[in-house]
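Below is one structure, written out as structure tokens, with a few remarks after it.
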Amino acid sequence: MFNIGCHLSVSKGFEAMGKDALKIGANTFQFFTRNPRGSKAKAIDAVDMEKLLILMKENNFGPILGHAPYTLNACSDNESTKEFALQVMEDDLKRMEYLPHNLYNFHPGSHVKQGTEEGIKIIIETLNKILKEDQTTIVLLETMAGKGTEIGSSFEELKQIIDGVTLKDKMGVCLDTCHVYDAGYDIVNDLEGVLNKFDEIIGLDKLYAIHLNDSKNPFNSHKDRHETIGEGTLGLNTFVNIINHPRLRHLPFYLETPNELEGHAKEIKMLREVYVL
Ligand code: FE
Ligand code: FE
Ligand code: ZN
């Protein structure tokens, strides 16, 4: 089963996202758990979420991915910023349990001037406070491009975080194709080598999801600007290799490209045409 979708707006509700996904030929999707700029999440609508679960079942959806607001910084040097991130993530994880057995992704954060080691220590502390033994949601660390003092642009850093977490079986990684290429992992010319490195350092069993984005910038640029599939520096052939790779093809793929629904529908159609059944 090829599970592909894109980022959708949660503002219309959960069942509405499922319907939008179907409209564009998707069988999964990603959504922000709340307005990325604001802090308030909508009241929990369990009926709407239940309707989405039924739609997902009827249409063989892959796992869906809740994305934490990208403005959070779980390892900020500012006490209240850090505390806020913890509270939002804790609340998000409670909400995710209304959609059991799905995925929750977050950006590890920026250490500001504290240094990578200190930043990693704080992220681990946060995760150890919010992860619960009985949760069904897997929490994913996103691979980052390495802008500024971002943590998570190397497989070693992600591994270090997972190693520090007590409930390791609740943790995984979401690989963003634009970010890893910007971070200096050459998935264009050496996908096999990058996957082997991931497997050696983190373990491919920890890879739960892929953000499928082309990049506006050259290799190792540490920039993080997404581009439409096939129109950036990664190129269509890279995506053909990724979605068909025997060690990746079973994973859910999420587009975060600069397009509206219509553009995403085209990308999904194109990718379905090159996916070898
Ligand atoms: Fe992200
Ligand atoms: Fe991403
Ligand atoms: Zn990005």
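The values are calculated or read from the model by the stated rules, or taken from the named source; none is laboratory data. Everything numeric here is computed off the predicted structure, so don't read it as measured data. We place every Cβ from the backbone using ideal geometry, glycine too, and count neighbours over all the protein chains shown. These accessible areas exclude ligands, DNA and RNA; they are computed on the full protein's heavy atoms, side chains included. Shrake-Rupley method; radii C 1.70, N 1.55, O 1.52, S 1.80 Å.
Given 4 °C and 1.567 mPa s, how large is the Stokes-Einstein diffusion coefficient of the range 148-209 in µm²/s, with Rh as the Kirkwood radius over Cα pairs?
Calculated translational D: 107 µm²/s.
GNM, the chain, Cα, under 10 Å: largest mean-square fluctuation among Leu175, Leu65, Leu191?
Top of the fluctuation ranking is Leu191.
Do any trypsin sites (Lys or Arg not before Pro) in the range 1-60 lie in a loop, going by DSSP, with at most 14 other beta-carbon atoms within 10 Å of their beta carbon, and if so which?
Values: sites: Lys12, Lys19, Lys23, Arg34, Arg37, Lys40, Lys42, Lys51, Lys57; in loops: Arg34, Arg37, Lys40, Lys42.
Here the sparse-neighbourhood loop sites are Arg37, Lys40, Lys42.
Loop only per DSSP, at most 14 neighbouring Cβ atoms within 10 Å: give me the chymotrypsin sites (Phe, Trp or Tyr not before Pro) in the range 50-103, ordered by residue number.
Working: sites: Phe61, Tyr70, Phe84, Tyr98; in loops: Phe61, Tyr70, Tyr98.
Listed in order of number, the matching sites are Tyr70.
Give the shape of the range 120-277 as rounded, prolate or oblate, defined through the alpha-carbon gyration tensor: a ≥ b ≥ c are the square roots of its eigenvalues, a/c under 1.5 means rounded, and otherwise the shape is prolate if a/b is larger than b/c and oblate if not. Write out the running numbers ahead of the final one.
On the way: a/c = 1.78, a/b = 1.54, b/c = 1.15.
It comes out prolate by the Cα gyration axes.
Just need the relative contact order of the range 4-274 here, percent rounded to a whole number, with Cα pairs under 8 Å and 6+ apart. Spell out each step's value before the answer.
Details: 538 pairs, mean separation 43.8, N = 271.
Once normalised by length, the contact order is 16 percent.
Along Cα→Cβ, 7 Å out, is where each label goes; now give me the distance between the ones at Ser9 and Ser80 in nm to one decimal.
My value for the distance between the label points is 3.0 nm.
Using the heavy atoms of the protein chains and a 1.4 angstrom probe, tell me the accessible area per residue for the range 150-240 in square angstrom.
On the way: 3390 Å² over 91 residues.
It amounts to 37 Å² per residue over the range 150-240.
Whenever you get a sec, compute what percent of the accessible area on the chain sits on carbon and sulfur atoms (1.4 Å probe). List each step's numbers first, then the result.
Details: 6150 of 12070 Å².
Its accessible area is 51 percent carbon and sulfur atoms.
Scan the range 110-212 for GluC sites (Glu not before Pro) in coil per DSSP, keeping those whose Cβ has at most 13 other Cβ atoms within 10 Å, and list them by number.
Details: sites: Glu117, Glu118, Glu125, Glu133, Glu142, Glu150, Glu156, Glu157, Glu192, Glu200; in loops: Glu133.
Sites meeting the loop and neighbour criteria: Glu133.
Would you mind checking the radius of gyration and Dmax of the chain based on alpha-carbon positions, in Å?
17.6, 50
What does the charge dipole of the chain about its Cα centre add up to, to the nearest 20 debye, if the Cβ of each Lys and Arg holds +1 and the Cβ of each Asp and Glu holds -1? Show your work: numbers first, answer last.
Values: 30 positive and 41 negative charges, 122 e Å.
Once rounded to the nearest 20, the dipole reads 580 debye.
If you only keep lysine pairs separated by 8 or more in sequence, or across chains, how many in the range 62-137 come under 17 Å at the Cα atoms?
Numbers: Lys82/Lys113; Lys82/Lys121; Lys82/Lys129; Lys94/Lys129; Lys94/Lys132; Lys113/Lys121; Lys121/Lys129.
Lysine pairs, 8 or more places apart or on different chains, close enough: 7.
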